[in-house]
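Enquirer: Sharing a structure with you now.
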Amino acid sequence: MDYQQKLAEKLTVLNERGQGVLIRLNYIKKLCSHPKLRPSFLTDKTMEPAIKYINKKFPNIDFRGNTHHLTPIQKQKSEVLQATKNFYDSFLDVLELKDHVYELLNTIDAGQCHFDIAFNFDFTKNYLDLIVTFTSVIIMLSRIEDKKALVGMFNSAHEMTNGTSDPSYPRLGQMFLEFDHPWKKLLEDFGPHTRSVTAALVSLNMIYPRRNLPPEQWRRAQLLSLLSLPATMLDPACCDTMTCEYLSMEVMERWIIMGFLLCHSSLNTNQTSQELWKMALRSGLYLTVIRDEVLNIHKVTEDIFDNIKGYSKRIADIKECREHVLINCQMAELLFHMEKLRSLMRKFSKIVQRYHVQYLAQFDALVLNDTIQNMYVCPEEESVLLSSFVSTLSALSIKQVENKEEIDLRAVRLDWLRLQAYTSVTKAPLPLKEYPDLAKVMNMIQFHTKMVDSVEEMIQETSELSILCFYPHIFEKMFTQSNEEIHMKRYLMAFPSVCSHFSYCGHSLCPEELLPKHCAESISAARHRKQKKAVPKKGEVQKEKPGAESLRKDRTVTTNMDKLHLMLRELCSTYSLCSDFLIFDHIVVPTEFLLSHLEQRFSEIIVRMANYNQTTQEIARPSDLLAGIRAYTTSLHGLSSYISVDVTRLVKSVLLQQTQPLDSHGGQTITTLYTNWYLEGLLRQASNSFIVHCPTMHCFVSQTTDNEHSFRAEEFSDISELHALAELIGPYGLKFLGENLMWHITSQVSELKKMVIDNMDILVQMKNNFGKPEEMVALKKRLTGGENVLKRMTIVGVILSFRSMTQECLKEILQKHCPFLMAPMECLRNNISPEADIKLTLNIFELVSAAGLKCDIDPALVAAIRNMHTGRVLLVLVWCTTHLAVTADSSFPLLFHTDNTSLEEEFKLSQLLLVYIAVSLPFLALDPNSLYNREHGGHNNNIHCLATAINQLFAAMFTVQNKNIEQQLKDFLLLASSTLLQLGQNVERIDVKNRESVYLLLHMIVEESQFLSQNMLESCFPYVLLRNAYREVHKAFVLTVG
């Protein structure tokens, strides 16, 4: 008969089923109480009359007499039926679970089963679990406020559709009414089971008090010390109550509190029951029902006992126990060590498995066989099970582990549960309580089998913390509190590691509970939660001066730097917990996560250290920023002393991103900031002559004027600063800077071409008649915009001079960092043949120019000029296609014709622009700022930059047009010399005020040029005039400063 009852199987199935139903009810409660997730038919205004009517009349709803109340359901009966079916089925599961649980509890009482946690551990545990699970289900059911509306709406729609109510509806409605006050009904139903429940709970007396000791007593008794008895360290761990040793304290407290609530009569009659109950009440304030649903144990117990006569003393006990509850908030260290133990168990699981396989086969099997032989009674059915245990254990071999064969011993454990059930009923042929040695051996074997095939399940059973998934605010608060304690920082990694437990909290009966759509809102709220900003305090202490951290009179006095180093060490120590962990389907690598955040933070700090203010055009000097980055990088490298991270890779990645216009997150970089500043802050003022290019000192210098500048140009443009700039943004950044400089140059060239076109007729005549002074004077009077041409060319020269300075500094930096790369490039540049193909030459120039080497022709300027020409051709093509309806066959000849014509036109414009510049040079003598400054090595209005502009700009233009550069510049030199020689024939003193300073321009143009020579200059301009000009400007300088 005991075999036919299948108590073990029913306990196992009902516990699993009850847990699923409980989770399902919790999900329904959360769904119905959430304003955004609440089912639409419960929030529909048209459904409100029907819902109120159902709640009022439930369960006796008149479907025929008051149809007007249920009209909304009648109109949408199919939708309501479909929407409420899952809820209705879930409540039916509760009814079905109740029937099976009550039937099983009655069967157990009828069999007068014996419960003792030390002997029939699994049988007793499953029995108590079933009681607690069922009680939790009923409590959760009572907390669903919309249950009557959901069931009533389903049944109404069912009757309207099928003409009859659902068969289970009456019993389901009756259950709802009975459990409106759940504890009252539960106490009535569990009254007959008091004997069995009390016996099971009292058996905890030898386990729970010993496990519930304060930590100080555990340490004093060295209960967890492996070194307390060195002589027995190698002895196998053996305990009569092994299975009870890893039983959760929370589980036992839930058994005791709920069990004695349901069967409370023994609290007044049994001293052991009372002591266990009071001890559990002191353990905490709340008891977990499921997830984040809790039970206020003191309040609930006091409310129940307050309505029972003779329990005044118990109420006093409850109040006394509430005052002794202790709460420990220091969780970081405990979680850290738990995670460490979990990782060690996983790491050495194969060793653990190997050890226990040998233990089971070579020790446990023999001990069990001896125990069976010493039994004086062993019925046939029990004998078969015991013999199968011995044979299964004996068959285990170490080769199975070595060959990685799957070992499954679940059948042994299930048979042992069956045997416990068979031998625990009254009048059992083999009463287990009379054979304690058999129970101890089998309980030990059960533990050993789990260490063979269920190590991961054991880890989850003993240390799984998925419950924290449902307490995000408390979890975050624990993290924050631990983060505030310096000595707790080393354990902070435990918190993200605990998140890997969350994937274990799901259940097959409620798979939708953890769907991503339900997590999105929580994640979004966490990401966008506004942090309270600290209010600045009045009268803040002044910041310490630099170097104060190094002053120390006593080594025992900890400075702020000491505290920061300690904090850093503690934070880094937490990364030793694990190299990676799994959260759902994502592998989290803490060090990589740290590096990604450090990378983003480092990028932000570099940009912040630049201190760029677009409004006031202020920025940090490149050398200051470079020093700051080096200091910060040194600190980051110190991080590698504490934690194994590739700081070099981090720094290289960040600094490489800073050489681009935007970083990997789309943010501005120092390349963009410095490019904007040098263009808008420095070069724009240089174009207005507030800042002067100084060839002598290789920098730009601010002039003393009435305008007050926020910076001194020499502090941002000298060699050391441009070296620092080259170090910071590198070749890529300087290439970006060069491209922006070229854009400004091409805009000036476009304006210059417009001016040439406006004066084209006059310039053509001047080009053809430059040997006729009288006609040239007449034509010059008709020429307009000469000063504007020189002004724009000066701006181009200033920009190209700045580019030359940056290129030179880049070359010096690269020669320092990679001399073996620079030497071959210099050799390649120096050995280019003049007869080489121009495309090959430009490709080589582009290569060496990227490394800062100077070239006869600037490839970047060539590319910019060519792009101007290409853009013009494309515009012509688009216009022709749009307005002239050019066909596909005729478009290509037109394109080539347009291209050739454009080149010739561009060449003509370039020639005339040279003429325009040459005949306009005398205008410079009218400007008082055209004075040559020997200290600066240039003119006060930057006209000396015309030499750079003329040589580099026209070399690029004639290269694009495939013309002879030398011949064109020679023609320009001849015309310019002729024009300037006319200054000496002018008797008006105002015109020749700065004649000598302007003469020097010819010498500068020849010196700067790779295509002109001094012989060419002397052939058209007397050298004596240059010598006298230099003497005059230097004499004027001596008189000025003397």
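The values are calculated or read from the model by the stated rules, or taken from the named source; none is laboratory data. Keep in mind that this is a model prediction, so the values were computed, not measured. Reconstructed Cβ throughout: ideal geometry from the backbone, glycine too, with neighbour counts over all protein chains shown. To get the accessible areas, we keep the full protein, side chains included, count just its heavy atoms, and leave off ligands, DNA and RNA. Shrake-Rupley method; radii C 1.70, N 1.55, O 1.52, S 1.80 Å.
Enquirer: Filtering the stretch 16-37 down to residues that are polar (S, T, N, Q) and open to solvent by 20 Å² or more (accessible area, probe 1.4 Å), which residue is modelled with the lowest pLDDT?
Expert: So the residue we want is SER33.
Enquirer: Which is under 30 Å from GLU808 (Cα atoms) and either among the acidic types (Asp, Glu) or open to solvent by 70 Å² or more (accessible area, probe 1.4 Å) (or both), of GLU787, GLU775, GLU727?
Expert: GLU727
Enquirer: Scan the stretch 571-598 residue by residue and report those that are in contact with an Asp or Glu (Cβ under 9 Å, 6 or more places away or on another chain) and either under 26 Å from ILE629 (Cα atoms) or of a type in the set (Asp, Glu) (or both).
Expert: ASP580, PRO590, THR591, GLU592, LEU595
Enquirer: Let me ask something else. At least 1 residues that are aromatic (Phe, Trp, Tyr) and in contact with a Phe, Trp or Tyr (Cβ under 8 Å, 6 or more places away or on another chain) in each: list the helices (runs of 4 or more DSSP H) lying fully within the stretch 1-93 that qualify.
Expert: 2-5
Enquirer: Please determine, by comparing only the residues of the stretch 227-236 that are loosely packed, with under 10 Cβ neighbours inside 10 Å and of a type in the set (A, V, I, L, M, F, W, C), which one is nearest to HIS356 (Cα to Cα).
Expert: Looking at the filtered set, the residue picked out is LEU234.
Enquirer: State which residue is modelled with the highest pLDDT when the search covers only the stretch 297-321 and only residues that are open to solvent by 90 Å² or more (accessible area, probe 1.4 Å) and of a type in the set (Lys, Arg).
Expert: Only one residue fits best here, namely LYS299.
Enquirer: Another one. So which residues in the stretch 332-371 are modelled with pLDDT under 90 and open to solvent by less than 60 Å² (accessible area, probe 1.4 Å), if there are any at all?
Expert: Selection gives ALA332 alone.
Enquirer: State yes or no: is ASP624 surrounded by 19 or more Cβ atoms within 10 Å (Cβ to Cβ) and of a type in the set (D, E, K, R)?
Expert: No, not satisfied.
Enquirer: From the set of residues in the stretch 133-146 that are open to solvent by 10 Å² or more (accessible area, probe 1.4 Å) and not in a loop (DSSP other than H, G, I, E, B), which is nearest to SER203 (Cα to Cα)?
Expert: In this case the residue turns out to be THR133.
Enquirer: Just to be sure I understand, how many residues within the stretch 602-621 are open to solvent by 40 Å² or more (accessible area, probe 1.4 Å) and part of a loop (DSSP other than H, G, I, E, B)?
Expert: Adding up the residues that qualify gives 7.
Enquirer: Name every residue in the stretch 929-947 that is open to solvent by less than 10 Å² (accessible area, probe 1.4 Å) and in a helix (DSSP H, G or I), in order of residue number.
Expert: Correct list: SER930, ILE943, CYS945, LEU946, ALA947.
Enquirer: Of all the residues that make up the stretch 434-486, how many are in a helix (DSSP H, G or I), under 30 Å from LEU393 (Cβ atoms) and open to solvent by less than 30 Å² (accessible area, probe 1.4 Å)?
Expert: Residues flagged as in a helix (DSSP H, G or I), under 30 Å from LEU393 (Cβ atoms) and open to solvent by less than 30 Å² (accessible area, probe 1.4 Å) within the stretch 434-486 amount to 17.
Enquirer: Take the residues of the stretch 1-39 that are touching a residue at least 24 places away in the same chain (Cβ under 8 Å) and polar (S, T, N, Q): which is nearest to TYR88 (Cα to Cα)?
Expert: ASN26
Enquirer: Ok, one more. Given the conditions (1) crowded, with 20+ Cβ neighbours inside 10 Å; (2) touching a residue at least 60 places away in the same chain (Cβ under 8 Å); (3) aliphatic (A, V, I, L, M), and given that ILE257 satisfies all but one, which numbered condition is not satisfied?
Expert: Evaluating ILE257 over (1) crowded, with 20+ Cβ neighbours inside 10 Å; (2) touching a residue at least 60 places away in the same chain (Cβ under 8 Å); (3) aliphatic (A, V, I, L, M) leaves (2) as the failure.
Enquirer: So ILE629 passes all but one of these: (1) open to solvent by less than 20 Å² (accessible area, probe 1.4 Å); (2) within 23 Å of GLU739 (Cα to Cα). Which condition number does it fail?
Expert: (2)
Enquirer: Okay, next question. Answer yes or no: is there a residue in the stretch 771-785 that is of a type in the set (Asp, Glu) and at pLDDT 90 or above.
Expert: No: the stretch 771-785 contains no residue that is of a type in the set (Asp, Glu) and at pLDDT 90 or above.
Enquirer: Follow-up question, since we're still on this one. Within the stretch 270-286, how many residues are of a type in the set (A, V, I, L, M), touching a Lys or Arg at 6+ places or on another chain (Cβ under 9 Å) and open to solvent by 40 Å² or more (accessible area, probe 1.4 Å)?
Expert: Residues that pass the stated criteria total 1.
Enquirer: In the stretch 712-722, is there at least one residue being surrounded by fewer than 18 Cβ atoms within 10 Å (Cβ to Cβ) and part of a loop (DSSP other than H, G, I, E, B)?
Expert: yes
Enquirer: Moving on. Here is a list: PHE820, PHE845. Which entry is loosely packed, with under 11 Cβ neighbours inside 10 Å and among the aromatic types (Phe, Trp, Tyr)?
Expert: Sole residue among the options that is loosely packed, with under 11 Cβ neighbours inside 10 Å and among the aromatic types (Phe, Trp, Tyr): PHE820.
Enquirer: Within the stretch 356-383, how many residues are closer than 18 Å to SER394 by Cα, of a type outside the set (A, V, I, L, M), in contact with a helix residue (DSSP H, G or I) (Cβ under 8 Å, 6 or more places away or on another chain) and touching a residue at least 60 places away in the same chain (Cβ under 8 Å)?
Expert: Matching residues across the stretch 356-383 total 4.
Enquirer: Still on this model: Test ALA237 against the stated conditions and say whether it is over 27 Å from CYS321 (Cα atoms), out of contact with any Phe, Trp or Tyr (no Cβ under 7 Å at 6 or more places or on another chain), assigned to a helix (DSSP H, G or I) and without any contact (Cβ under 8 Å) to a residue 60 or more places away in the chain.
Expert: For ALA237, the condition - over 27 Å from CYS321 (Cα atoms), out of contact with any Phe, Trp or Tyr (no Cβ under 7 Å at 6 or more places or on another chain), assigned to a helix (DSSP H, G or I) and without any contact (Cβ under 8 Å) to a residue 60 or more places away in the chain - is not met.
Enquirer: Kindly check whether there is at least one residue in the stretch 109-117 that is within 15 Å of MET258 (Cα to Cα), acidic (Asp, Glu) and assigned to a helix (DSSP H, G or I).
Expert: no
Enquirer: Considering only the stretch 960-974, state which residues are buried (at least 22 other Cβ atoms within 10 Å of the Cβ) and part of a helix (DSSP H, G or I).
Expert: Correct list: VAL960, LEU969, LEU973.
Enquirer: Tell me which of these GLU680 doesn't satisfy, since it passes every other one: (1) outside the structural domain of THR574 (by the TED database); (2) closer than 30 Å to LEU931 by Cβ; (3) open to solvent by 60 Å² or more (accessible area, probe 1.4 Å).
Expert: (1)
Enquirer: Here is a further query. Confirm whether VAL289 is surrounded by 19 or more Cβ atoms within 10 Å (Cβ to Cβ), of a type in the set (Val, Ile, Thr) and closer than 30 Å to ILE445 by Cα.
Expert: Here the answer is no, as VAL289 does not meet what is asked.
Enquirer: So ASP646 fits all but one of (1) over 30 Å from HIS565 (Cα atoms); (2) touching a helix residue (DSSP H, G or I) at 6+ places or on another chain (Cβ under 8 Å); (3) surrounded by fewer than 18 Cβ atoms within 10 Å (Cβ to Cβ); what number is the exception?
Expert: (1)
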